[in-house]
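The values are calculated or read from the model by the stated rules, or taken from the named source; none is laboratory data. As the structure is a prediction and not an experimental result, all values here were calculated from the model. We place every Cβ from the backbone using ideal geometry, glycine too, and count neighbours over all the protein chains shown. Heads up: the accessible areas ignore ligands, DNA and RNA and are worked out on the full protein's heavy atoms, side chains in. Shrake-Rupley method; radii C 1.70, N 1.55, O 1.52, S 1.80 Å.
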Amino acid sequence: MKRTFAAVVLLLAAAGLFAITAKVVDTDGPATAQMKSGRTEAVSIGKTYATGDSIRTGKNGLVELTQEGLTIRVGASTVFTLMEKEVGGKPKGVLAVTLGVVKVKYDRLTGSEPLIQSVGSAAGVRGTELTVWAGSDGATRFIVDSGLVTVEAFGKAVDLGPDEAVEIMNGSPPGDKFTVQRGLIDHAKWDQGRIEALLADPLAAVDGLRERLAYYSKVARDFRDDYKAHQARLDSEIQQARQMRSGKSPEEVKAYEREHVVPLITPTQNLYINARYHLLAAAAMRRFVGGRIYLLLKIKHLAAPDDAEWKRFVDRYAVFLEEYESGIAPFLVEPQDF
Amino acid sequence: MSAAIVALLASCSTFQRMSDEKGAAWVARQLNEGNAAELAAVSSSPFLLDGEIIALPGDTVALWNGLIKAGVKLDPELSRALAVGTDTWREFGSTRDVQVYFGKYVAKGARLFELPTVKGRAVLLLYRSAWGSRKVFGFKGPY
């Protein structure tokens, strides 16, 4: 009973009470949506998706979504997820591009523009149109069409203006920005280059995964520790308010709750949201980027499964999996067990 | 009476063996004849490859194409066949992902087959309904 109030707080956050939604306005080719509940459905015009839902397009697939003041174009062979995290005390939408290509256009500024998240970086935007390419090896390229974008990874930020781009290798800070040479390269060609780089140096790709995983594990752990401390305080204040009921007037109890219980609710929810956000980002990286890296290397070495390069890769990948198993997997649990 | 029970049990195990051989032989034939599209059409998504989950259907197609291109041929002679049980997931890996995959995606009644290849052994995770429809849930090897 003691934990009931805090559990409700958690469940509300987990249920996406503060969910940020996007509506499908156009779709063409193969596209499915994996709902937060785990259910999968074909994407169709008019459907609305919310925080935790993921859109996956096949070859030649395309989905266009709208949010308040924003158009999101999800290109072919893409994994795109609506997420949220707390920024400045408020839930903020996050458009997560794990694989493929997404173009984002802000039609008008609302002051609550979502962040753009790739496997290895995050970008904040200020009135802009930009394209995100997410590669099979976890690399990202941000290309700005108009407006301003700040791309950040591992504490280094790069400001981009119109016709500027930057690449971020997974597990590394952003590289130097450069001027976009339009029409010379598309996402498919760029990703082919990323695959070739991955096959040439698979251990570097796994090390990139491990670096990013270590970051996600640490941040998630910090938020989770804070969350647990907040939850303990919240539980204690609730208990205190409950004990007051026997000797104090209802008005006094309500005043105590207003002063001591209510102010803890939103920060506790926000800490849960942020811990969960980083855990899910790590899970997406492991599933889609890690899974693809493993597949590409497996295919390369199918004809020679005893090859030393394959064995080295398998050993290093096993370390990545162990790190994921200890740092992320145990905390991807139902809210009541968090 | 007891003779009838023995005969019934014997016919059950014979039927099971025939069904196993038929299911695994079909997959082996498709792979050996280069029919990646046929295999992709009966593959689960997500799909289990060794201890890794292949989340996207396009990647499962790439796997079957890769196996064919690499010349991996399955010998339809079964070296092992067993029903999927509580601990069968350990045949593929030791992670929670593999365990969850078995609990969440692998159909009740699915069976695990081990088949020889020129480059080592391969393991298939296959469901075959009483009406003959099939679903491949996983592939491991050659190892």
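Screening residue B:128 on (1) more than 27 Å from residue A:54 (Cα to Cα); (2) at pLDDT 90 or above; (3) out of contact with any Leu (no Cβ under 6 Å at 6 or more places or on another chain); (4) not hydroxyl-bearing (Ser, Thr, Tyr) shows it passes everything except condition (2).
Candidates are the residues of segment B:92-114 that are open to solvent by 50 Å² or more (accessible area, probe 1.4 Å) and assigned to a helix (DSSP H, G or I); the one that is farthest from the other protein chains (Cβ to nearest Cβ) is B:103.
Of all the residues that make up segment B:67-82, how many are open to solvent by less than 60 Å² (accessible area, probe 1.4 Å) and more than 10 Å from chain A (Cβ to nearest Cβ)? Final tally of qualifying residues: 4. Of everything in segment B:115-131 that's in contact with a Ser or Thr (Cβ under 9 Å, 6 or more places away or on another chain) and touching a residue at least 60 places away in the same chain (Cβ under 8 Å), which residue is farthest from the other protein chains (Cβ to nearest Cβ)? The extreme case among them is B:128. For residue A:90, the criteria (1) in contact with a strand residue (DSSP E or B) (Cβ under 6 Å, 6 or more places away or on another chain); (2) over 24 Å from residue A:286 (Cβ atoms) hold in every case but one, which is (1). In this structure, residue A:77 does satisfy being over 15 Å from the mean Cα position of the chain (by Cα) and not basic (Lys, Arg).
For every residue, the table says whether it meets (1) open to solvent by 20 Å² or more (accessible area, probe 1.4 Å); (2) within 25 Å of residue A:146 (Cα to Cα); (3) touching a Leu at 6+ places or on another chain (Cβ under 7 Å).
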residue	(1), (2), (3)
A:41	yes, no, no
A:83	yes, yes, yes
A:86	yes, no, no
A:104	no, yes, yes
A:119	no, yes, no
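Against the conditions (1) more than 19 Å from the chain's Cα centre (by Cα); (2) of a type outside the set (Asp, Glu); (3) within 14 Å of chain B (Cβ to nearest Cβ); (4) closer than 24 Å to residue B:143 by Cα, where does residue A:290 fall short? Just the number, please. That leaves (1) as the condition not met. Under the condition of being over 20 Å from residue B:91 (Cα atoms) and either open to solvent by 10 Å² or more (accessible area, probe 1.4 Å) or facing chain A (nearest Cβ under 7 Å) (or both), the residues counted in segment B:45-66 number 8. Within segment B:127-141, the set of residues being open to solvent by less than 10 Å² (accessible area, probe 1.4 Å) and in a loop (DSSP other than H, G, I, E, B) comprises just one member, B:141. Listed by first and then second residue, the pairs linking a residue in segment A:296-312 that is more than 10 Å from chain B (Cβ to nearest Cβ) to a residue that is open to solvent by 50 Å² or more (accessible area, probe 1.4 Å), with Cβ atoms under 8 Å apart and 6 or more places separating them unless they lie on different chains, are A:310/A:300. Just one of the listed residues (A:58, A:46, A:52) is open to solvent by less than 60 Å² (accessible area, probe 1.4 Å), within 14 Å of chain B (Cβ to nearest Cβ) and out of contact with any Ser or Thr (no Cβ under 6 Å at 6 or more places or on another chain), namely A:58.
Name the strands (runs of 3 or more DSSP E) wholly within segment B:31-87 that hold at least 3 residues that are closer than 14 Å to residue B:138 by Cα and either out of contact with any Cys (no Cβ under 6 Å at 6 or more places or on another chain) or touching a residue at least 40 places away in the same chain (Cβ under 8 Å) (or both)? Those strands (runs of 3 or more DSSP E) span B:43-49, B:52-54. You will find that of A:218, A:248, A:228, the residue that is more than 25 Å from residue A:52 (Cβ to Cβ) and either more than 14 Å from chain B (Cβ to nearest Cβ) or free of Cβ contacts under 8 Å to residues at least 12 places away in the same chain (or both) is A:248 and no other. When the residues of segment A:131-180 are filtered to those that are among the small types (Gly, Ala, Ser), open to solvent by 40 Å² or more (accessible area, probe 1.4 Å) and part of a strand (DSSP E or B), the one that is nearest to residue A:203 (Cα to Cα) is A:157.
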